[in-house]
Amino acid sequence: MTLLAFTLILLLAAYCAGLLGSLTGLGGGVVVIPVLTLGFGIDFHYAVGAALVASIATSSGSGSAYVKEGITNIRLGMFLEIATTIGAVCGAAVAIYLNNNVIAVIYGCVLLLTAAMQQRRKSDHDGVVGSEAARRLKLFGTWPQKDGTVKSYQLRHVGGGFGVMYVAGVLSGILGIGSGVLKVLAMDAMMKVPFKVSTTTSNFMMGVTACASAVIYVQRGVIAPGIACPVMIGVLFGALTGARLLKRLNVSVLRQIFCIAIVLVAINMIWQGFGGKY
């Protein structure tokens, strides 16, 4: 295969990954790493580096739109970014020395958790009484409703959420997928932040977390421009296309099918990881 053909195929595959990731709410990184490792046979470390670059691009593009709409809790995001950034640097420093098979098993487990989280009931956590720590840190916020009104919310378990965010950062540094599922789990399930606010705030944080990890990968020389650039461009345009289609399509069935596909990919990665095939 020529270099031009490889680049065009990779660009198209990344576009499809970004499109599916956007329509299903899972993000392009979750899709692009299986595409690179299973489809193209690219080393896990280079695949993770490319996914980190793609996460930075997509987070920068979509995160700004959510901030403009007033949904994202910027203060909460900046506070939790302290944990995710420290975790991301630690994860990236460790990931360089991890065997591909170990990364594959960890990635498969995270995919299974992602699929399980997709089946959770989404909640706005009405009536939650916030904690004193959250009040002192001024983490309470508001978010706009469809009818034009503004709804206020409170949150709690700041320490627990901060700890889970550190773990999310570590996984982001190792896997390059932003670990949005753990970030949403920390804010939605633990801190009782409304689901829509938690997802948009997670998206806002993802780029910063990925930047912290990417610095380590650049220093180690495992971000290959020939792989990362087509992936970044393809995922970004795929995500933007998906955001436009999302308003006109009923994607509930697609999400269920995609969830099953993720479980199958996860099982395959765990099986091959334990079998030492990477």
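No value in this document is a laboratory result; all are computed from the given coordinates. All of these numbers come straight from a predicted model, not from anything done at the bench. Methodologically, a virtual Cβ is constructed for each residue, glycine included, from the backbone with ideal geometry; neighbour enumeration extends over all protein chains shown.
Given the criterion on the phi < 0 side of the Ramachandran plot, outside any helix (DSSP H, G or I) and surrounded by 24 or more Cβ atoms within 10 Å (Cβ to Cβ), identify the matching residue among Val222, Val235, Val193.
Values: Val222 fails: surrounded by 24 or more Cβ atoms within 10 Å (Cβ to Cβ); Val235 fails: outside any helix (DSSP H, G or I).
Going through Val222, Val235, Val193 in turn, the sole match is Val193.
What is the residue count in segment 82-109 for residues that are part of a helix (DSSP H, G or I) and surrounded by fewer than 21 Cβ atoms within 10 Å (Cβ to Cβ)?
Of the residues in segment 82-109, the ones part of a helix (DSSP H, G or I) are 82-95, 100-109.
Filter once more, keeping what is surrounded by fewer than 21 Cβ atoms within 10 Å (Cβ to Cβ): 82, 86, 89-90, 93-94, 100-102, 105-106, 109.
Going through segment 82-109 one residue at a time, the tally reaches 12.
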